Every structure is written in C-alpha cells, then in structure tokens.
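The values are calculated or read from the model by the stated rules, or taken from the named source; none is laboratory data. Nothing here was measured: the structure is a model prediction, and the numbers come from that model. Please note: Cβ atoms are built from the backbone with ideal geometry, for glycine as well, and neighbour counts cover all protein chains shown. Side chains are part of the model used for accessible areas, which takes the heavy atoms of the whole protein and leaves out ligands, DNA and RNA. Shrake-Rupley method; radii C 1.70, N 1.55, O 1.52, S 1.80 Å.
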Amino acid sequence: MFLHLGNGISVRTKEVVAIHDYAIFAKGTGSEFLNREQAAGRLVNTLPAEIKNNDGARKSLIITDDKTYLSAISPWTLKRRSQMIYDTMDSDKDLSELVAEEAEL
C-alpha cells in the first residue's frame, strides 16, 4: 500500500520508518540531521513550488529506508492515513464508507 505525502508524491507504507512533526527538526540537533540528509541528496521536499521554501508550511518529516521527505500534511493526518490502510485490510467496510469517514475528519 502507499501513503500519499502531498503534491503527487507517495511512498510505500512498508518503507516508512518514522513520521515526525517538522518543528522537532527545525532547530538544534534535528537541523543537523536535515542538513546531512540534504547534503547526501536524500531530502525530498514535497511542498508545492509556491510554498516550498516556507518553513511554516512544513508540517511533517517522513523518514523511509532510502529518503527523508518534507510534507505540508500534518503528522497526525499521515498517521491516520497509514493506520486506515491497515484497518481496511481487515475490515468489511466498502470503499465508499471509508471515503465518507475520511471526509468527516
């Protein structure tokens, strides 16, 4: 299954190692991690071009086996989406019910 990170970019859920609030990494030792990822070419900014450089628009940091992604989608929403994927695998709900539930949130 895939997790949509925004701006047309998705990753395989099985590759996701962690989803964090970007604010934790904006300063201090977290920023050192981001600098290392960027220097190594592993940092992917999924924000639309018009807000790509706006630190306030960055909501989450998604770490996978190969890359680190910046997203404008909150970590809580991404977590809920990733859980929904696994919940639907064991559920008898049809797709229209799941879409309706997501729209309510």
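Per-structure values
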item: The range 1-41, residues that are touching a residue at least 40 places away in the same chain (Cβ under 8 Å), of a type in the set (A, V, I, L, M) and not in a loop (DSSP other than H, G, I, E, B); result: L3, L5, I9, V11, V16, V17, A18, I19
item: Single residue of the range 42-59 satisfying the filter (closer than 18 Å to P75 by Cβ and assigned to a helix (DSSP H, G or I)) that is nearest to the chain's Cα centre (by Cα); result: A57
item: Residue selected from the range 13-58 under the condition within 21 Å of S82 (Cα to Cα) and touching a Phe, Trp or Tyr at 6+ places or on another chain (Cβ under 6 Å), by the criterion least open to solvent (accessible area, probe 1.4 Å); result: T46
item: Residue in the range 90-98 that is touching a Ser or Thr at 6+ places or on another chain (Cβ under 7 Å), at pLDDT below 95 and outside any strand (DSSP E or B) present; result: yes
item: Number of the condition not met by S10 [criteria: (1) in contact with a His (Cβ under 6 Å, 6 or more places away or on another chain); (2) modelled with pLDDT under 90; (3) not hydrophobic (A, V, I, L, M, F, W, C)]; result: (2)
item: Of the criteria (1) open to solvent by 90 Å² or more (accessible area, probe 1.4 Å); (2) within 22 Å of V16 (Cα to Cα); (3) at pLDDT below 90, which one I85 fails; result: (1)
item: Residue check for D66: over 9 Å from the mean Cα position of the chain (by Cα) and either modelled with pLDDT of 90 or more or open to solvent by 80 Å² or more (accessible area, probe 1.4 Å) (or both); result: yes
